[in-house]
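The block underneath contains the structure these notes are about, expressed in structure tokens.
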Amino acid sequence: MAHHLLNNGIEVVLTGGACVSIYSHNRYASLDLDFVTMTTVHPRLMVAVLARGGFRKEGRVFVHPECPFAVDILAPPLSIGAEPVRKTATLTVRRMKMKLLTPTDSVKDRLAAYYYWNDLQALEQALLICRHQLVHLASVRRWSDAEGHLDKFREFRKTFMSDPKTRKR
Amino acid sequence: MLEPLLGSPLKEQLLYFLMLQGEGYPSGLARSLGRRLFPIQDQLRKLEDGGIVVSRLKGRTRVYSLNPRYAFLKELLPLLLKAYEYLPKKEKEVFKERTRPRKGGKTL
């Protein structure tokens, strides 16, 4: 999907629950692929490009008869709250490259849902990433402070520290 | 006030409403703003596609609010607030819907 879009001049970055699946080695299963485009793409162009890849629009998402995932294309900018994402990770599959959030930004992405909507599933997903990947907690703390949610970060950090499975430096 | 920037007076009204009331649902917004339902749904969809608002189901009703994760929210809110201050008093009235609780069965 990302390769097909890039071949058509549309650069995307994978965000959301799919990053949790990747970083937790599928301990969490997401059936959504949330791609953020790096530049504004006209909806009609997006529909046409994805139709060439066999995807059709169904409501807000794109579906493919042979793909179990629902694809959502999100508008730029690529940010987590007010913070722009400056660095992304790259996943290479069969010589095809795909950009995705780094583990640390993926934790911030999940924590944002916990901070703003009190989504406890998102908090669990953030911890799940921390069990399988090294995460820059100082960066998460600084971002949480900027978002005005230092109290909730402290709750997250407490759980992180008491969880024997989370990877600590 | 912001119509030249936003391209739609209705979009501007919806943003004022969501900023001041916190959330709203399409038929309620149509009633409050005295507009038809379809254009409201259309503008909300555009705002949601742009990541400016989010929606979730409350029972069978889709409720919209400003997206706290929107990258430019901190810049957008002061702009909306300043533009709102310039509105004539009469135009501001539509955004002052009752939000405090009211016991069921009581007449207005």
Fill in: Count of the range A:129-169 residues which are hydroxyl-bearing (Ser, Thr, Tyr) and buried (at least 17 other Cβ atoms within 10 Å of the Cβ)
2
Response to the item:
Per the filter on the range A:60-79, residues of a type in the set (A, V, I, L, M) and within 13 Å of chain B (Cβ to nearest Cβ) are A:61, A:73, A:74, A:75, A:78
Fill in: Candidates A:111, A:78, A:120, A:101, filtered to the one that is more than 13 Å from the chain's Cα centre (by Cα) and at pLDDT 95 or above
A:120
Worksheet entry | All positions within the range B:50-107 that are at the interface with chain A (Cβ under 10 Å from one of its Cβ atoms) and in a helix (DSSP H, G or I) | B:73, B:74, B:75
Item to complete: Among the numbered conditions (1) part of a loop (DSSP other than H, G, I, E, B); (2) within 15 Å of the chain's Cα centre (by Cα), tell me where residue B:19 comes up short.
Response: (1)
Item to complete: Name the residue, out of A:97, A:57, that is part of a strand (DSSP E or B) and within 14 Å of chain B (Cβ to nearest Cβ).
Response: A:57
Practice prompt. Go through (1) touching a Lys or Arg at 6+ places or on another chain (Cβ under 7 Å); (2) without any contact (Cβ under 8 Å) to a residue 12 or more places away in the chain one by one and return the number of the condition residue A:128 breaks.
Written response: (2)
Item to complete: Answer with yes or no whether residue A:82 is over 23 Å from residue B:66 (Cβ atoms), surrounded by fewer than 21 Cβ atoms within 10 Å (Cβ to Cβ) and either within 14 Å of chain B (Cβ to nearest Cβ) or small (Gly, Ala, Ser) (or both).
Response: no
Worksheet item: Which members of the range A:15-44 meet the condition of being in a helix (DSSP H, G or I), at pLDDT below 95 and more than 11 Å from chain B (Cβ to nearest Cβ)?
Response: A:44
Discussion item. Taking the criterion of being modelled with pLDDT under 95, basic (Lys, Arg) and part of a loop (DSSP other than H, G, I, E, B), would at least one residue in the range B:23-35 satisfy it?
Written reply: yes
Discussion item. If I filter the range A:135-154 for residues that are in contact (Cβ under 8 Å) with a residue 40 or more places away in the chain, touching a Leu at 6+ places or on another chain (Cβ under 8 Å) and not assigned by TED's automatic domain parsing to the domain that holds residue A:35, do I get at least one hit?
Written reply: yes
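The values are calculated or read from the model by the stated rules, or taken from the named source; none is laboratory data. Just so it is clear, the structure is predicted and the values come from calculations on it, not from any experiment. Counting neighbours? That spans all protein chains shown, and the Cβs are built from the backbone with ideal geometry, glycine included.
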